[in-house]
1. Do we find that A:I238 is over 23 Å from A:N61 (Cα atoms) and open to solvent by 50 Å² or more (accessible area, probe 1.4 Å) in this structure?
2. Among the residues of region A:275-282, is any touching a residue at least 24 places away in the same chain (Cβ under 8 Å) and under 30 Å from A:V7 (Cβ atoms)?
3. Only one of B:L343, B:L322, B:L361 is outside any loop (DSSP other than H, G, I, E, B), without any contact (Cβ under 8 Å) to a residue 40 or more places away in the chain and open to solvent by less than 40 Å² (accessible area, probe 1.4 Å); which?
4. For region B:133-140, check the following and say yes or no: at least one residue is closer than 16 Å to B:F97 by Cα, crowded, with 18+ Cβ neighbours inside 10 Å and over 21 Å from the mean Cα position of the chain (by Cα).
5. Select from region B:113-131 the residues that are in contact with a strand residue (DSSP E or B) (Cβ under 9 Å, 6 or more places away or on another chain) and among the aliphatic types (A, V, I, L, M) and list them in ascending order.
6. What's the total number of residues in region A:220-235 that are touching a strand residue (DSSP E or B) at 6+ places or on another chain (Cβ under 9 Å) and open to solvent by less than 10 Å² (accessible area, probe 1.4 Å)?
7. Is it the case that region B:306-316 has a residue that's more than 11 Å from every other protein chain (Cβ to nearest Cβ) and aliphatic (A, V, I, L, M)?
8. I'd like the full set of residues that are within 12 Å of another protein chain (Cβ to nearest Cβ) and either open to solvent by less than 40 Å² (accessible area, probe 1.4 Å) or without any contact (Cβ under 8 Å) to a residue 12 or more places away in the chain (or both), limited to region A:83-107.
Number of protein chains: 2
Amino acid sequence: MPKTFQVLTKDKNSSARLGLIHTPHGNIETPAFAPVGSQGTIKALPHSIVKELGAQLILVNAYHLYLRPGIKIIKKMGGIHSFISWDKPILSDSGGFQIYSLSPLVKTKKDGVQFSSHLDGTQIFVTPKDIIDTQLTLGTDIMMPLDYFVSYPYKKQELADAVDLTSKWAGLSREHFLNQNTSQQLWGITQGSIEWELREKSIQKLTEINFDGYALGGLGIGEPKTQFFDTVKKSTSILPQDKPRYLMGIGYVEDIIKAVELGVDFFDCVLPTRNARNGTLFTRQGKLVIKNKKYEKDPRPLDEQCLCYTCQNFSRSYLRHLYERNEISSSILNTIHNLYFYLDIFKKIRQAIQTNSLKRLKERIITKEEF
Amino acid sequence: MPKTFQVLTKDKNSSARLGLIHTPHGNIETPAFAPVGSQGTIKALPHSIVKELGAQLILVNAYHLYLRPGIKIIKKMGGIHSFISWDKPILSDSGGFQIYSLSPLVKTKKDGVQFSSHLDGTQIFVTPKDIIDTQLTLGTDIMMPLDYFVSYPYKKQELADAVDLTSKWAGLSREHFLNQNTSQQLWGITQGSIEWELREKSIQKLTEINFDGYALGGLGIGEPKTQFFDTVKKSTSILPQDKPRYLMGIGYVEDIIKAVELGVDFFDCVLPTRNARNGTLFTRQGKLVIKNKKYEKDPRPLDEQCLCYTCQNFSRSYLRHLYERNEISSSILNTIHNLYFYLDIFKKIRQAIQTNSLKRLKERIITKEEF
């Protein structure tokens with residue numbers, strides 16, 4: 001089997017790594033950020049702009065696509081790359097998180113999960129094998145197995161059960177996956193929140209099964225920051241060195257760069273795109289809420305150091321006007337800025353690892369200095 | 001005073017003309033189409049894409065911008081080009097149509113019009129001079145004066161009064177305009193619906209005043225098609241040859257090309273952009289309503305002959321999915337297609353006038369043949 005991941009350089013001052021994920025649709029330089037396009041589109045942007053912004057891949061959601069338009073249609077259209085006309089790598093999340101967070105009446109059974117569609121209440125039962133089959137049909141480059149997600153704060157027994165069931169399902173998923181002739185990858189999702197004995201057990205079980213990459217699931221949903229980072233640190237210290245580590249759903253740039261220092265390679269988050277639509281912009285000086293009246297006559301760009309199309313062309317005054325008028329172009333221009341901001345920081349993170357200057361970059365980001 | 005309009009070529013088989021409007025922000029080749037960006041943005045598109053699609057100018061609305069963000073803010077930001085960061089020509093509609101169609105409690109007085117803002121009910125009184133001042137401050141390349149708009153069907157006496165008052169206001173507007181030192185243009189708006197003696201009178205009065213261009217206002221709002229075209233034909237036959245003719249708010253491509261044959265040079269309409277957002281696409285084969293279930297698995301582009309980004313990349317199946325999911329990218333991709341479709345037809349119209357093949361182009365468009 002060809003190598004799916006290479007570590008190219010290790011940072012001298014931290015556990016950060018520069019790497020390369022090989023997929024059927026091209027390579028992904030890590031640390032990498034996957035913009036979220038659950039429905040097969042990054043919200044408020046055509047693919048052409050997403051590519052111009054430097055996105056190496058996008059994330060789609062198997063749960064959403066399974067419900068609508070349905071896997072049959074996507075199969076008929078030649079798979080997800082063909083259906084959405086995106087020729088770079090695609091990662092599909094299994095939708096475990098969505099099943100547990102969006103669906104009413106979720107019932108976890110030994111063999112899978114019973115839930116009612118959040119759209120029309122249809123009763124659906126899916127097994128780990130079904131979720132793999134869905135993603136095999138989608139043809140995504142990186143697939144994630146069905147996991148059992150427990151919200152925070154958790155009941156310890158439920159969390160322990162979730163870790164066990166997630167491990168069991170991971171094994172069934174991997175077994176089914178290995179019976180296929182595919183160049184897709186399957187990564188594992190570890191659970192256990194911030195309970196180290198559970199997280200450790202989850203990691204041990206999953207590494208025994210042997211996946212192409214490992215995700216830390218169920219984090220960043222309200223745990224105290226210290227315990228969150230402690231869990232990330234301990235996890236990366238026992239995860240295999242030669243596989244990518246994915247911290248799911250995180251998040252703020254300050255947290256991302258700390259996690260990179262702890263050895264995380266891969267991130268996804270709705271934050272830059274969702275906040276953009278809500279008029280919250282990320283800048284070197286911190287968050288900027290564009291609807292504030294003080295921007296009414298402000299001729300400056302969102303971020304004076306930013307080289308994105310929005311900052312190179314438009315004032316806060318105009319962007320406030322578009323936001324207040326509820327113009328679609330407000331969402332477009334804001335998303336361009338926020339996504340550029342994130343993807344540009346990832347470029348800078350990769351450069352900094354190469355030049356052993358990651359610590360300095362982190363300090364500049366955290367203290368809101370120029371970078 | 002420098003020439004603001006040149007007729008370059010006349011079609012041998014019709015009254016169509018190829019021309020050039022000179023403005024402080026560049027030339028506009030006619031027949032021209034102005035995409036509507038009432039609030040200073042084409043809905044669902046960043047300016048970069050609007051330019052790529054071949055837009056030579058955009059239209060903004062003085063009424064909307066006067067109400068929000070207000071002229072003071074735009075003045076402080078350096079005028080409309082600077083505020084919205086659009087460096088090509090801009091035409092501002094006076095907002096007469098909007099005052100009469102959006103505002104409750106409109107009262108036309110001799111000196112101007114009293115109305116309440118459609119946003120918060122504020123009582124506002126504007127004179128023809130105010131409307132010119134607003135547009136002088138905006139700094140638009142082509143300004144339109146305040147007119148008295150009568151809806152269809154009309155009462156003949158009201159229409160006659162509207163023609164008289166519109167002429168009177170036109171004179172006051174022009175007089176005030178000529179006292180300014182500006183390279184902006186002021187075009188006149190004729191009224192009179194399809195009552196020829198009134199329309200003729202309106203045109204005579206306005207040409208006596210002498211504007212940089214002449215608009216046919218109050219048409220395309222429900223009049224029988226025969227009388228509509230008859231009015232356009234008679235109007236262009238008595239309008240000065242050396243000034244551009246603007247048929248406001250029209251419309252369907254089939255009507256546009258007929259009006260071009262009758263000697264109209266300039267058009268604007270919300271149709272391509274508004275219909276795009278509603279999921280109605282213009283194609284060589286006619287209208288396509290993307291939400292129809294029959295497109296669920298249709299791998300074809302919207303229009304198989306179309307060279308736009310949307311048609312070159314995306315299937316009807318994917319576009320239906322985006323529309324059904326209420327994704328912003330549905331509006332973006334649909335607007336790209338519809339606006340490309342319109343602007344491309346205008347390019348083809350200009351080429352056809354050059355090569356004396358306009359009649360053939362018109363027939364192909366009307367019979368939905370390849371063009």
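1. Values: over 23 Å from A:N61 (Cα atoms): yes; open to solvent by 50 Å² or more (accessible area, probe 1.4 Å): yes.
When the stated conditions are applied, A:I238 passes them.
2. yes
3. On the way: B:L343 fails: without any contact (Cβ under 8 Å) to a residue 40 or more places away in the chain; B:L361 fails: without any contact (Cβ under 8 Å) to a residue 40 or more places away in the chain.
Going through B:L343, B:L322, B:L361 in turn, the sole match is B:L322.
4. no
5. If the condition is that a residue be in contact with a strand residue (DSSP E or B) (Cβ under 9 Å, 6 or more places away or on another chain) and among the aliphatic types (A, V, I, L, M), then B:V113, B:I124, B:V126, B:I131 are the ones that fit.
6. Pass one, region A:220-235, residues touching a strand residue (DSSP E or B) at 6+ places or on another chain (Cβ under 9 Å): A:220, A:231-232, A:235.
From what's left, open to solvent by less than 10 Å² (accessible area, probe 1.4 Å): A:231-232, A:235.
Here the count works out to 3.
7. Scanning region B:306-316 turns up at least one residue that is more than 11 Å from every other protein chain (Cβ to nearest Cβ) and aliphatic (A, V, I, L, M).
8. First pass over region A:83-107, keeping only residues within 12 Å of another protein chain (Cβ to nearest Cβ): A:83-87.
A:F83, A:I84, A:S85, A:W86 - these are the residues of region A:83-107 that are within 12 Å of another protein chain (Cβ to nearest Cβ) and either open to solvent by less than 40 Å² (accessible area, probe 1.4 Å) or without any contact (Cβ under 8 Å) to a residue 12 or more places away in the chain (or both).
The values are calculated or read from the model by the stated rules, or taken from the named source; none is laboratory data. Just so we're clear, the structure is a prediction, and the values are computed from it rather than from any experiment. Every residue, glycine among them, receives a Cβ derived from its backbone with ideal geometry; neighbour counts consider all protein chains shown. For the accessible areas, the whole protein counts, side chains as well, though only heavy atoms, and no ligand, DNA or RNA atoms are used. Shrake-Rupley method; radii C 1.70, N 1.55, O 1.52, S 1.80 Å.
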